[in-house]
Amino acid sequence: MPLRLVLLGAPGSGKGTLTTRLLKQIPHLTSISTGDLLRAEIQNSTPIGRLADAYIKEGKLLPDELMAGMVETELAKRKIIDKSFLLDGFPRTTSQALELERRLQDNSINLVVELDVPPDVIVGRIANRWMHSSGRVYNLEYNPPKVPFKDDVTGEPLFQRPDDNPETVRKRLKTYYEQLEPIKRFYQSRGVYDKVGGETSDIIFPQLYRLARSRLD
Ligand code: AP5
Ligand code: MG
């Protein structure tokens, strides 16, 4: 059975990091990160990119319709709507979840995993995060690049995200915790919700992998 997985987690909870690990174990899985899609639009200075830049800097969510359309386009472009896929960072509101359900029709989401990481752990992680334009994520303590401040694959310089300053991180966390309960209830009502917890991805990953495998078998 195809796995149609949503990773739900606060900023810095490890969605991107765990996605990379899961893709290594399940090679036919394809991931879509809405944050990465938006950062690519910003880099290419598209109209959506200009809009996204303003929202992201403020730590605000972009409009639901726009995000749902973007994910639908991406699923179609990669021809994976009826295959196994992982969504990192979408849906984030019940309205996005409803839009997604409508667009997926018979291929509805069959696993939603909440990453439950204590907020004080998160704040420290984000301060140490460096990334590459491909979306590859590093942490100066947890998974440092082989050469300091250079991407392992391309050797290009790493940068810190403009929305990773303490004030914006606080706003992003607040928004996340406001949206969490309703979206959790939505997916509980669909019978697909699960939760994994722990302070490190080494504790979280095996739990996530087990859940993902159970849907594939
Ligand atoms: P997005 O890019 O998705 O940001 P986010 O949800 O805030 O999540 P992050 O990417 O910050 O964290 P992550 O969970 O991926 O953690 P990571 O693996 O990097 O979205 C950005 C913005 O775009 C949003 O704020 C919004 O404006 C907009 N947007 C996106 N989607 C949207 C939507 N659906 N609707 C509306 N607007 C939308 O890990 C964090 C750090 O911790 C890294 O440095 C990593 O190396 C490190 N780390 C990971 N695991 C461990 C560990 N076990 N121990 C120590 N360090 C660790
Ligand atoms: Mg991420």
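The values are calculated or read from the model by the stated rules, or taken from the named source; none is laboratory data. Model, not experiment: these values are computed from the prediction. Heads up, the Cβs are rebuilt from the backbone with ideal geometry, glycines too, and the neighbour counts pull from every protein chain shown. SASA here: full protein model, heavy atoms, side chains in, ligands and nucleic acids out. Shrake-Rupley method; radii C 1.70, N 1.55, O 1.52, S 1.80 Å.
Taken one residue at a time, the phi angles of the range 79-88 give Karplus couplings (6.51, -1.76, 1.60, θ = phi - 60°) of 6, 10, 4, 9, 10, 7, 8, 10, 9, 9 Hz. Gly and Pro are set to x. Of all lysines in the structure, the ones whose alpha carbon falls short of 16 Å from that of Lys57, not counting any fewer than 8 places away in one chain, are Lys171, Lys174. Subtracting the Cα-Cα distance of Ala76 and Lys171 from their residue separation scaled by 0.36 nm leaves 31.0 nm. Taking all protein chains in place and a 1.4 Å probe, what share, in percent, of the accessible surface of the range 69-205 do carbon and sulfur account for? Carbon and sulfur together cover 53 percent of it.
Per residue, the range 4-216 exposes 50 Å² of accessible surface when a 1.4 Å probe is rolled over the protein heavy atoms with every protein chain present. The length gained on full extension between Val153 and Val123, counted as 0.36 nm times the residue separation minus their Cα-Cα distance, comes to 8.1 nm. Each Lys or Arg adds one and each Asp or Glu takes one away; over the other residues whose Cβ falls under 14 Å from the Cβ of Ser201, this sums to 0. Here's the list of lysines a cross-link from Lys83 could span, going by alpha-carbon distance under 27 Å and ignoring same-chain residues fewer than 8 apart: Lys15, Lys24, Lys184, Lys195.
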